[in-house]
1. With under 16 Å from ARG100 (Cβ atoms), assigned to a helix (DSSP H, G or I) and of a type in the set (Lys, Arg) as the only criterion, which of ARG25, ARG58 stands out?
2. Let me confirm something: among LEU39, LEU53, which residue is of a type in the set (A, V, I, L, M, F, W, C), over 12 Å from the mean Cα position of the chain (by Cα), part of a loop (DSSP other than H, G, I, E, B) and under 22 Å from LEU145 (Cβ atoms)?
3. Out of the stretch 122-152, which residues are modelled with pLDDT under 80 and either of a type in the set (D, E, K, R) or assigned to a helix (DSSP H, G or I) (or both)?
4. So in the stretch 19-49, with the set limited to residues that are under 17 Å from LEU136 (Cβ atoms), in contact with a Leu (Cβ under 9 Å, 6 or more places away or on another chain) and among the charged types (D, E, K, R), which one is surrounded by the fewest Cβ atoms within 10 Å (Cβ to Cβ)?
5. What is the one condition in (1) at pLDDT below 85; (2) buried (at least 18 other Cβ atoms within 10 Å of the Cβ); (3) more than 24 Å from ARG58 (Cα to Cα) that VAL158 does not satisfy?
6. Conditions first: (1) within 22 Å of ASN132 (Cβ to Cβ); (2) touching a residue at least 60 places away in the same chain (Cβ under 8 Å). ILE47 passes all but one, so which condition is the exception?
7. Among ARG96, ARG108, which is at pLDDT 55 or above and surrounded by 15 or more Cβ atoms within 10 Å (Cβ to Cβ)?
Amino acid sequence: MEGLTIAILGITLLSGVVYSWMNRRANDALVSLAGDFPLTPEEAAQIAMEAGLTWRERATGRTVPVMRSGNVLKVEIGCRAGVMSFEVRETPTGSRVTGRAEEVTVVRMPELGGLGVSSTNVLYMRAGMPRNPARLLRRRERVFLALAYEARYGGLAVGAGERGQWVDAGRGRCEALPQP
């Protein structure tokens, strides 16, 4: 009986750690991340549009619209995990790109209505776990790696052979990019 109690306690603690970690990753995706790049706003928006898509989305021909409002270009890329948004503003030295998740999809916890508890109960208010926030973080990382590569070496980094695939994989930091 003690072993069963310890197992239940261990499973409860482990699931609490996983739930907290997923919520933290979702909060990381919601935080704005900005970078300045010596590129024109149109070039930066084009790179954000291309690098924000996965290889499968590019292969199927998915397109992402670039919206312009005043001097701001905005690229929104949606997936099952949520919507990642990139805003490109012109600066005196080039452009500033800001990336953040506009929304994170939440997997709702099961209804407790069958147990005599109303679904509008205070205990059920906003309980839910984010659905794969790492996907949104990878999209943002791919875009910023591609922008850094473009600013550093020139030439479109996305879909440009072996180096483009490496940048698209989202591994490493900008300093670790191969020399052309």
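1. That would be ARG25, the only listed residue that is under 16 Å from ARG100 (Cβ atoms), assigned to a helix (DSSP H, G or I) and of a type in the set (Lys, Arg).
2. The unique qualifying residue is LEU39.
3. VAL122, LEU123, TYR124, ARG126, ARG131
4. The residue in question is ASP28.
5. (3)
6. Status for ILE47: all satisfied but (1).
7. ARG96
The values are calculated or read from the model by the stated rules, or taken from the named source; none is laboratory data. A quick note: this is a predicted structure, and the numbers were derived from the prediction, not measured. Cβ sites come from the backbone with ideal geometry, for glycine too, and all protein chains shown count toward neighbours.
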